[in-house]
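Data block below; observations after.
Taken together, the values in this text are just the output of simple stated rules run on the coordinates, not laboratory data. All of these numbers come straight from a predicted model, not from anything done at the bench. With ideal geometry, Cβ positions are generated from the backbone for all residues, glycine too; neighbour counts draw on all protein chains shown.
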Amino acid sequence: MGQRGRIPYERYFETSVVPEPGVPLHSYAYLRRLTFEMVETSPVWDAHAHLGRDRDGRSLELDDLLRDLDEYHVDGTVVFAFDDPDQGADFQVPNERIWAAYEKAPDRLIPFMRLNPNGRWEPEYRRCLDRGHRGIKLHPRAQDFSLGSPAAREVFGRAAADGLPVLVHTGYGTGAVSTELAAIAQELPDLRLILGHSTFIDMPRAVAVLAAYPNIYFETSVVRAYDLFEVLDTISPLRVLYGSDLPYASSANSLHELAVMADIVGVEAAHFADLFGGNLLRLLGRG
Ligand SMILES: [Zn+2]
């Protein structure tokens, strides 16, 4: 472990290290080496990917998602809706599309429902739960609610009671949410709360405030190097989940960055399999 909160100076160059000539930086061959061949022998699962389309103009179709996963031998991913222009009041249309994709690739996808706590979310929650969605995605900025609001607390309470993990966007647009997240984790010790983007927007405070809660997991998509260092240096490797946020990042970049940073922090090789999929599968009762 380095000095808390800082990438050790003598290892900083490794954040931009390149392989020998002839081995491309973001190649699977290089990734194998960065992960001590773990990607060859253990399941790799992504905790954060979108399918469909977003109000911001982004979109991702199932075939393109699977192509990206295949290129880096990623076994599968959690998928949920974007901030879809067809979301209506309750996300029924995009949740339906996620389910349709899941039915086409049931071995590769773990479907989460997206909900809007503003308004009547329960019928859609019930519908998705009964059908088999395995978790919930919430986005406080896009759906304009605060994590501590009574409506959001109700969603968290139901998820805890029904054993569904909740992935909450804790990136751009969310501010200092660590205190609210700690209160939720404290109040609902059975809730498995996944922090999408690892609360990087509230670093370094987030890891200090949230490290104490064993039911909080840190998902690594689009987290900058110095914040990822902070997470891996402070949080148990059994509570960190590999994520890409496809299509906003690629599997190549996301896998590469987590592998490089885990090595710099000094995460034991034996824990790489946990970071890159083992933790997620166990959390979902599949490990
Ligand atoms: Zn996302």
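Condition check ((1) touching a residue at least 40 places away in the same chain (Cβ under 8 Å); (2) among the hydroxyl-bearing types (Ser, Thr, Tyr); (3) surrounded by 14 or more Cβ atoms within 10 Å (Cβ to Cβ)) across all residues:
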| position | (1), (2), (3) |
| --- | --- |
| ASP90 | no, no, yes |
| PRO117 | no, no, yes |
| VAL168 | no, no, yes |
| ALA176 | no, no, no |
| GLY196 | yes, no, yes |
Keeping to region 232-286, report how many residues are within 16 Å of the ligand (Cβ to nearest atom), of a type in the set (Ser, Thr, Tyr) and part of a helix (DSSP H, G or I). 2
Any residue in region 62-77 that is among the polar types (S, T, N, Q), touching a Lys or Arg at 6+ places or on another chain (Cβ under 6 Å) and surrounded by 14 or more Cβ atoms within 10 Å (Cβ to Cβ)? no
Can you tell me which residues in region 228-249 are over 17 Å from TRP45 (Cβ atoms), of a type outside the set (Phe, Trp, Tyr) and either surrounded by fewer than 24 Cβ atoms within 10 Å (Cβ to Cβ) or touching a residue at least 60 places away in the same chain (Cβ under 8 Å) (or both)? GLU230, ASP233, THR234, ILE235, SER236, PRO247
Anything in region 182-194 that is in a helix (DSSP H, G or I) and either within 16 Å of the ligand (Cβ to nearest atom) or surrounded by fewer than 23 Cβ atoms within 10 Å (Cβ to Cβ) (or both)? List them, or say none. ALA182, ALA183, ALA185, GLN186, GLU187
Being under 20 Å from ILE110 (Cβ atoms), of a type in the set (A, V, I, L, M) and assigned to a loop (DSSP other than H, G, I, E, B) is the filter here; which residues of region 23-67 pass it? VAL44
From TYR213, TYR172, TYR217, residue being of a type in the set (Phe, Trp, Tyr) and not in a loop (DSSP other than H, G, I, E, B): TYR217
Suppose we filter region 123-152 for residues that are touching a residue at least 12 places away in the same chain (Cβ under 8 Å), within 22 Å of LEU181 (Cα to Cα) and away from the ligand (no atom under 16 Å from the Cβ); how many remain? 10
